[in-house]
Structures are given as structure tokens and as C-alpha cells.
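Chemist: Just dropping this structure here.
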Amino acid sequence: MSNARSPFSLPLFGLLQALIVLGYTLRLSWYRPLLFIPIAAISCYLILRTDAGFAGSGIGGAIATHMLFAFDGIVLKDVKQILYRVGEKPGQILPASFLERLSWSWHLHNSPRGVRWAHELSHIPTYPATLSTPEQKRAFVTSRIFVVVFSVALQLVISIINGANVALTPGAPRLVDQSVYVRVMSLVGLATPAYTCMNALHCMASIILVAAGISEPADWPPLFGCLTNMYSVQNFWR
């Protein structure tokens, strides 16, 4: 029996996101929990039966997280009665029109940190005040472009360093048997690309959506906090 996986399906992934948002949008009814059946089926198929390449583990973890959130928000409770944006009241979105609830649910689904929601995580870096003028928005976009350029440049530097790292060549001794210097450089070489890649993608998404007028700069606080705050295990992980 062949264990070959199918290529990762972007249409199925898009359908999964649409079903989750639809589940958050629909009012409480007997049929709404049934939406979780195709959500779970698509999630399991994408995780277990498709291959997303080098990003497979990250995408699989994200899909599993979305599935658990969907089970909680569609089957166990009604998010529209519990969660609300800053400036709203609990349940305020319930009597709204379908399109208003759809927009509300879309923002909720795309705000895992609860940015500008009442349940926003307390340790999120301070986001900028809402920038309403075109000049302020251009300044925001420009600053994010600078971060993307810096992230790409740092990625290239780390790639050169990793290419010269003897511990990463085939047949090299185990990392634990290398010198402290080599071990530290290897750790930096493995952690930095993940940091720069996630940061660049986050900034590029903010550039596109803010420039298109779909979201505000305040919706895009920094993805990572200041490195100087990592003086304890609690600060590092939270």
C-alpha cells in the first residue's frame, strides 16, 4: 500500500476557512453544529492526507487549532453571545444583519490574539493608535516595508552563516559534541529564519490589507515583543 500523500489543496483550505466563518455567523439553531462535520473532515484530510512541503508541520498545527476553535465556537457555545469588540457590548452583534455578522465573524476568525477585542491578550505589544489620515497610513505602510526588507536581508545573512557552519554539513559530529560557539551559532541559525519569515509575512499582510482599506494599522500590532523582555521563561512563552 502506498503512503504517498496528495498535494496540499488550497481550495479545500479556503473552503475550511469559509465554513468556520459561516459557523460563527449563523445564529443559534439545531443545524448549526452540523457544520462542524465537514469542518472536521476537511481538517483531518488536509492534516493526514496531504503534503504541504517544508511548511507542512506549521500549516497542520494551524489547521488543528482552527478545528478546535471551531468546535468550541460553533458546537459548545455561541461566540456572538460571549465575545465582543472593544466598544461593543456582549451580544450586541446578534440582531445585526447577516452581512454585518459575517464581517464580525471574519474579523474574529482572523484575530487569534484578540487584537481590539475585549478578550485581547494583555501581553500583546502596544499597537499604534488608529491612523485615519492617508499620510499616517502611508507612514505605517512604509515602516512595514522597511521591516520586510530588513527581515529578508537578515535571512540572507543567516543563510550564508549556516552555509559556513561545519555542524550542518553531512557527516559532521553531533551538535552536542561540538564546541559551545558552534552550538550557539547553530541555535541562532535555526531560530532566526523562523523569526524573520513569520515577521515578514505578517508585515506583508498588513501592508496589503491596510493599503487596500480593509483594515486599520491598529489591527496590526507587532507580531513579536522586544527581545529585552525575554528575561524569564514566563515572558518568553506567553
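None of the figures in this text is laboratory data; all of them are computed from the coordinates on show. For clarity, every value in this text was computed on a predicted model and none was experimentally measured. So basically every Cβ, Gly included, is an ideal-geometry build from the backbone, and we count neighbours across all protein chains shown.
Chemist: Taking neighbour counts of Cβ atoms within 10 Å as a proxy for exposure, in what order, fewest first, do T142, T50 appear?
Modeler: Fewest to most other Cβ atoms nearby, the residues stand as T142, T50.
Chemist: Please list, in chain and number order, the residues 5+ apart from Y84 or on another chain whose amide H is under 5 Å from its amide H, with Hs placed from the backbone.
Modeler: A118, H119
Chemist: Further, regarding this structure: What are the trypsin sites (Lys or Arg not before Pro) within the stretch 32-119 that DSSP puts in a loop, where the Cβ has at most 16 other Cβ atoms within 10 Å?
Modeler: Passing both the DSSP loop test and the Cβ count: K77, R113.
Chemist: Helix-only mean residue ellipticity at 222 nm, the chain, DSSP H runs n ≥ 4 weighted -39,500 (n - 2.57), per residue, nearest 500. What is it?
Modeler: That calculation yields -18000 deg cm²/dmol at 222 nm.
Chemist: Once amide H atoms are built 1.01 Å from N in the peptide plane, which residues 5 or more positions from L223, or in another chain, come under 5 Å H to H?
Modeler: Those lying under 5 Å, H to H, from L223: there are none.
Chemist: Still on this structure, I have one more. How would the chain be classified by its alpha-carbon gyration tensor: rounded, prolate or oblate, with rounded meaning a/c under 1.5 and the a/b versus b/c comparison settling the rest?
Modeler: oblate
Chemist: Work out, in µm²/s and without decimals, the Stokes-Einstein translational diffusion coefficient of the stretch 134-237 at 4 °C, 1.567 mPa s, Rh from Kirkwood over C-alpha pairs.
Modeler: Translational diffusion coefficient: 81 µm²/s.
Chemist: Starting at the first residue of the stretch 74-80, write each ³J(HN,Hα) from the Karplus equation 6.51 cos²θ - 1.76 cosθ + 1.60 with θ = phi - 60°, in whole Hz, x for Gly and Pro.
Modeler: Whole-Hz 3J(HN,Hα) from phi for the stretch 74-80: 10, 9, 7, 7, 9, 4, 5.
Chemist: Further question on the same structure: Aspartates and glutamates within cross-link reach of K137: Cα-Cα under 17 Å, excluding same-chain residues under 8 positions apart?
Modeler: Candidates past the 8-residue exclusion: E216, D219.
Chemist: Give me the percent relative contact order of the chain, please, defined on Cα pairs under 8 angstrom at least 6 residues apart. Working shown, then result.
Modeler: Working: 211 pairs, mean separation 43.5, N = 238.
Worked out over the chain, it gives 18 percent.
Chemist: Whole number please: convex hull volume per residue of the Cα set in the stretch 6-109, in Å³?
Modeler: So the per-residue Cα hull volume is 96 Å³.
Chemist: Need the list of lysines near K89 for cross-linking: C-alpha distance under 22 angstrom, and skip anything on the same chain fewer than eight residues off.
Modeler: K77, K80
Chemist: Note down the relative contact order for the stretch 6-109 as a percent, whole number, built from C-alpha pairs under 8 angstrom at least six residues apart. All intermediate terms of the calculation are to be shown ahead of the outcome.
Modeler: Working: 91 pairs, mean separation 35.4, N = 104.
Normalised by residue count, the contact order of the stretch 6-109 is 34 percent.
Chemist: Another question, then. Longest span of the chain, sites excluded, free of chymotrypsin sites (Phe, Trp or Tyr not before Pro) in DSSP loop with at most 16 other C-beta atoms within 10 Å?
Modeler: In the chain, the maximal stretch lacking such sites is 32-223.
Chemist: Helix 10-25 against the longest principal axis of the chain: what's the angle in degrees, Cα atoms only, rounded to the nearest 10?
Modeler: The angle comes out at about 40 degrees.
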